[in-house]
2 protein chains.
Amino acid sequence: MAIGPVSSPGSAWDSSVAESSRRMLEAAIDAFAARGYHATTTRDIATRAGLSPAALYVHFPSKAALLVQISRTGHEAAAELVENSIAGSPDPLGRLRAVVSNFAAWHAEYHQVARVVQQELSALPDDDRREVLRLRQQIERRVEDQLRDGVRIGQMSVDDTRAVARALLSLSVDVARWYVPGGRDTPESIGELYADLATRMVGVR
Amino acid sequence: MAIGPVSSPGSAWDSSVAESSRRMLEAAIDAFAARGYHATTTRDIATRAGLSPAALYVHFPSKAALLVQISRTGHEAAAELVENSIAGSPDPLGRLRAVVSNFAAWHAEYHQVARVVQQELSALPDDDRREVLRLRQQIERRVEDQLRDGVRIGQMSVDDTRAVARALLSLSVDVARWYVPGGRDTPESIGELYADLATRMVGVR
C-alpha cells in the first residue's frame, strides 16, 4: 500500500531550514546529542560548525536560541507531515496508515533531531515548551480524529480512541530511540511495517 | 484477562536494591533527570540525599558508579520481570500478554529510572553498556520466542517476528517518556490496554 503523498519523510524538515543556519543547527544537534544540552557550550558548537563564536552569535544569540530553533523546526515539520499525510487519502484508514507510516519513517530519518528535542524538552524556555506541547497535542488530536471517523463509519473498532492514538504516535516516536542508520531496516520499511501494525491495532484485518 | 503472576510491577526493582543504597540512588536519579548526567556533580547528589560527599563515597566511589548501578539494577529488574511473566502462563499468547502488560506497567511506575537509563546510555563505561545491551537483546529474544511459538501453533500471525517483537517492546518502553503520575491512566490500566493492543498486533482477534 502506498504511504501517502509525501515522497521523502525528510522534506518537511529540509524545506523549513535555510541553508545558512543548517550548518549551525546540525553542529548544535551533534553537540547536544553527544554531551547533553547543559554540558555543551556555544564555543563547542561553533568549533563543530567550523565557525568563530562571533559568527555563530550573528544567527543565534544564545545556546537556548539554538535549542529553541531545533525544537520548533522539528515539531513544525512533524505537524506539517501529519497534515500532508491526512490530506492525501480519502478514508480514515488510509489517512491513519499514511500518518503512521510517514511519522515513523520521519523519526528514523531524523532520529538525532528527535532525540535531542525529546531529551532537552525541560531545558526549553517556558513559552517555547508550551508551543511544542501545543503542536504535540494538535498532532495527537489529528490522529484521534481518524480513529473516531473510522469507528463512526464502521471501518475501525477502538474503545479508547485517545489512548490508542497516543499509543500509535508513541510507537512511531520511539523509532528515534532505537533506529540505527545503515542496518537491515530503512525508514521506508519501518514506515510500512508500522502502517500494517497500526491497521491491526485499530481492529481492521 | 489477568496480567500474570507479578502482582506489583515495581517488585523486581524494589527487591534488588538495598535500603541503605536506595536513598543515594534515588537522589542520583532525581539529579540526573533534572540536569543530565554530565552537568550533575557528586556534591549535587549528596546534597539531595541529605548526606556529606564523604558519606556518599563510602557506597559509590564516583558519579559513574551511581549511573552504572542505576542502569544495571533497572535492566536486571526488567529482565527478571519478563522471565517471571513468561513463567506464569501456559500458552504463547498468555505469555506475550503478561510480558507486555507487566513491562509497560513497569515503565510507567519507574518512568524516571527508565528515562535516566535511556538518556545516559552513552555515558556508561563500555563494559557496562555492553552488559546492558546484552540484557536488552535477551529481553527481545524472549519476546520473539513467544511470537515464533505462537505462529508455530497457529495462534498468531506474524511475518517478521523480530521486528514485531522490537515494536512491542518499543511501545512499552516509550511509556516512560510520556507517562504522568496521578493522571487518568495508571500503570495497571496502561498495561491492560497494551496487552490488548499486543494481541491485535500479533493477528489474534
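The figures follow:
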{"read-out": "Lone unmet requirement of (1) within 13 Å of chain A (Cβ to nearest Cβ); (2) more than 28 Å from A:ALA163 (Cα to Cα) for B:ARG129", "value": "(1)"}
{"read-out": "Those residues of the range A:140-157 which are among the hydrophobic types (A, V, I, L, M, F, W, C) and surrounded by fewer than 20 Cβ atoms within 10 Å (Cβ to Cβ), in sequence order", "value": "A:VAL151, A:ILE153"}
{"read-out": "Matching entry among B:VAL132, B:VAL99 (being assigned to a helix (DSSP H, G or I), at negative phi and crowded, with 21+ Cβ neighbours inside 10 Å)", "value": "B:VAL99"}
{"read-out": "Segments classed as helices (runs of 4 or more DSSP H), wholly inside the range A:153-205, with at least 2 members that are acidic (Asp, Glu) and more than 9 Å from chain B (Cβ to nearest Cβ)", "value": "A:187-201"}
{"read-out": "A:GLN138 being in a helix (DSSP H, G or I), within 13 Å of chain B (Cβ to nearest Cβ) and among the polar types (S, T, N, Q)", "value": "no"}
{"read-out": "Condition check for A:ARG177: surrounded by 21 or more Cβ atoms within 10 Å (Cβ to Cβ), within 18 Å of the chain's Cα centre (by Cα), charged (D, E, K, R) and within 25 Å of B:TYR194 (Cβ to Cβ)", "value": "no"}
{"read-out": "Residues of the range A:27-76 that turn out to be over 29 Å from A:ILE139 (Cβ atoms), among the aliphatic types (A, V, I, L, M) and assigned to a helix (DSSP H, G or I), as a count", "value": "6"}
{"read-out": "The range A:86-105, residues that are out of contact with any Phe, Trp or Tyr (no Cβ under 7 Å at 6 or more places or on another chain) and closer than 29 Å to A:SER122 by Cβ", "value": "A:VAL99, A:ASN102, A:PHE103, A:ALA105"}
{"read-out": "The range A:76-96, subset surrounded by fewer than 24 Cβ atoms within 10 Å (Cβ to Cβ) and hydrophobic (A, V, I, L, M, F, W, C), residue nearest to A:ARG205 (Cα to Cα)", "value": "A:LEU93"}
{"read-out": "Residue in the range A:121-144 that is closer than 25 Å to B:LEU168 by Cβ and touching a Ser or Thr at 6+ places or on another chain (Cβ under 6 Å) present", "value": "yes"}
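Yes/no matrix, rows are residues, columns are (1) modelled with pLDDT of 95 or more; (2) under 16 Å from B:GLU80 (Cβ atoms); (3) β-branched (Val, Ile, Thr):
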position	(1), (2), (3)
B:ALA108	yes, no, no
B:GLN118	no, no, no
B:LEU124	no, no, no
B:GLN138	yes, yes, no
B:MET156	yes, no, no
B:ALA163	yes, no, no
B:THR199	yes, no, yes
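For every residue, the table says whether it meets (1) exposed (fewer than 13 other Cβ atoms within 10 Å of the Cβ); (2) at pLDDT 90 or above; (3) in contact with a Phe, Trp or Tyr (Cβ under 8 Å, 6 or more places away or on another chain).
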residue: A:VAL6; (1), (2), (3): no, no, no
residue: A:ALA33; (1), (2), (3): no, no, no
residue: A:SER62; (1), (2), (3): yes, yes, no
residue: A:LEU67; (1), (2), (3): no, yes, yes
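The values are calculated or read from the model by the stated rules, or taken from the named source; none is laboratory data. Keep in mind the model is a prediction, meaning the values are calculated, not measured. Glycine gets a Cβ as well: all are built from the backbone with ideal geometry, and neighbour counts include every protein chain shown.
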